[in-house]
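Please read the structure below before turning to the comments.
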Amino acid sequence: MTAVLWFFLLFAALYHLLVTVFVYGLGRVQPEMLVIFRDIFRLVIFFVLAIVHRKIFVDYVKRTWKLWWVLILLSFFALAVSYIQQKTMTDMLVWAKYGMQFFFVFLMATFLGQIFSQKGAQKFQSFLHILFYIFVWIIIVGILWQVGKMFYPEFFYSLGYATFGDWVFGQNPPLYYLTWPGGYARLSGIFSWPNNYGYLFVGLFGFWRRYLRTYVKQRWVKVLLWALFAFSVLWTMSRGAVLGIFLQIIALSFVLFHAKRSYIIGLLISAILIAGALSLIKRGSTMAHVTAKFSSLAYVRANPWGYGLGSSGPSIHTGHGSILPENFFVQILLDIGIPWMILWLLFRYIVLKNIRTRIRKLARHDKYAVLLICLSFGFLGLLLEGMFLHVFEDSMVNYWFFILWGVTYGYLLVPRSSSSTEEQQS
């Protein structure tokens, strides 16, 4: 199972490159084919494992039935709103990718976590080890890929890239993105967009931090890896990524390390200064984001029941939506309305409540419990970014973050013996 999971996550990370080369460069396949292959592969993995591990699956359903019911109700009401608003099936499918897919990814990964819990801590630890090194290589290759595009553009044009600029649906992806016309090049690595790459760093920051503290002993290696991480985040020039990571540092300082107030204030000031500097560098983008948010709220006031799936957010880039609020929460309000957003929040409340309850029953220094706390703050960091951007729009990021969070959540959801708990002490 672990090898298949590694392969799937590696495939998910390479998805943008595969689309660029095989769809736009060689013209061998349609983009829908890669999406279908990836998602069917995920479903096949889930159903095969559900059959092989039938007893664990029954236990999994008993532990997660509330979440499944909330998700079913949310889907039902979302479809009802869309039907009333005369939305097409294509509109709904597009929205499912941007607004619903990660719910299912998380819940399916929870089942995988329960399988890991039956195989023992060593198996789960091995899974995390390899996953960390894959992530390291994604960052390194991303930097080399970006530098290569800047120095050897002709070669990358031959692979399927277009000239630098903004991404347009259905067209060759740009070589790289600029802060504004004639501005600075932003790092997107092997991902489709600098902001999406920033989402990945925000979501996996806790995983990165926890792995270095737990398993990396050499100081120079830690310094080198942290420099690699920080350099990449800053080069994305994403204000949301900076704020999302600093939020996690501050939260972890409160919850896990009980840091001094002066340290917390210093972190907060640093976050504001860095985000402020990036906002000045990207002042045109900053004003556009602010304008989009406030103008979109008028649509919510006009119809608090929602305009139907696919009415706003990233759907606009595919020709389906018509409103771009630059705010994930306003996007939900526009698509499914205030009553149904309550169900969206209820799902997350149940997850976080279960995490809090389970953490309290585990040893204080259980390394996987600490990892779960860190990943949960990663989700909150992404929600903070959602105040300024449309997070969860990139399936590459969704698969990486929600599979890791869901697997860890499912792994700790199953009570274990005291000897098994002692095995996980850091």
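Distance between the 7 Å Cα→Cβ label points at R360 and I72: 2.9 nm.
Just want the answer: with Cβ charges of +1 for Lys and Arg and -1 for Asp and Glu, which residue in F135, G120, A185 is farthest toward the dipole's positive end in the range 120-234? The one lying farthest along the dipole's positive direction is G120.
Given the DSSP H assignment, sum -39500 (n - 2.57) over each helix run of at least 4 residues in the chain and divide by its residue total; what's the result at 222 nm in deg cm²/dmol, nearest 500? Let's see the in-between values first.
Numbers: 17 runs with 306 residues, N = 426.
The helix-only estimate for the chain comes to -24500 deg cm²/dmol at 222 nm.
On a 24 Å Cα-Cα criterion, which of the cross-link pairs K119/K353; K66/K97; K222/K367; K217/K367; K222/K361 come out too long?
Long pairs (Cα-Cα over 24 Å): K119/K353; K222/K361.
Here each label is just a point 7 Å from Cα along the line to Cβ, and for M89 and S322 those points are 2.3 nm apart.
Taking amide hydrogens as placed 1.01 Å from N in the peptide plane, the amide H of A162 sits under 5 Å from those of L175, each at least 5 positions away in sequence or on another chain. Residues whose amide H comes within less than 5 Å of that of G306, counting only those at least five positions distant or on another chain, are G337, I338 (H built at 1.01 Å from N in the peptide plane). Full extension of the chain segment joining Q30 with V147 gains 39.3 nm, where the gain is 0.36 nm per residue of separation less the Cα-Cα distance.
Determine the gain in length on full extension of the stretch A298-L267; use 0.36 nm per residue of separation and subtract their C-alpha separation, reporting nm with one decimal. Could the numbers behind the result be given before it?
Details: separation 31, 0.36 × 31 = 11.16 nm, distance 3.52 nm.
My answer for the length gained is 7.6 nm.
Screening the chain for whole DSSP H helices with an alpha carbon extent of at least 24 angstrom along the helix axis and a mean Kyte-Doolittle hydropathy of at least 1.6 yields 31-52, 261-281, 367-385.
Excluding ligands, DNA and RNA, what is the solvent-accessible area per residue of the chain at a probe of 1.4 Å, expressed in Å²? Can you show the working numbers first?
Numbers: 19470 Å² over 426 residues.
Counting only protein heavy atoms, the per-residue value for the chain is 46 Å².
Taking all Cα pairs closer than 8 Å and separated by 6 or more residues, the relative contact order of the chain comes to 27 percent. Using alpha carbon centroids, what distance separates the range 215-231 and the range 6-42, in Å? Distance between centres, Cα-based: 31 Å.
The charge dipole of the chain, taken about its Cα centre with unit charges on the Cβ atoms of Lys, Arg (+1), Asp and Glu (-1) only, comes to about 1560 debye. By the gyration tensor of its Cα atoms, with a ≥ b ≥ c the square roots of the eigenvalues, what is the shape of the range 1-86: rounded for a/c under 1.5, prolate for a/b over b/c, or oblate? Oblate shape, in that a/c is at least 1.5 and b/c is the bigger or equal ratio. Protein heavy-atom surface of the chain, 1.4 angstrom probe: 69% of the accessible area is carbon and sulfur, with nucleic acids and ligands not counted.
Express in nm, to one decimal, how much length is gained between A80 and K353 on full extension, taking 0.36 nm for each residue of separation and deducting their alpha carbon distance. The partial results should precede the final answer.
Values: separation 273, 0.36 × 273 = 98.28 nm, distance 2.88 nm.
Residue separation times 0.36 nm, minus the Cα-Cα distance, leaves 95.4 nm.
In this calculation the C-beta distance from Q218 to R54 is compared with R0 = 41 Å, giving a FRET efficiency of 0.40.
The values are calculated or read from the model by the stated rules, or taken from the named source; none is laboratory data. What you see is a predicted model, and the numbers here were worked out from it, not measured in a lab. Reconstructed Cβ throughout: ideal geometry from the backbone, glycine too, with neighbour counts over all protein chains shown. The protein model used for the area step is the full one, side chains on, heavy atoms only, and it has no ligands, DNA or RNA in it. Shrake-Rupley method; radii C 1.70, N 1.55, O 1.52, S 1.80 Å.
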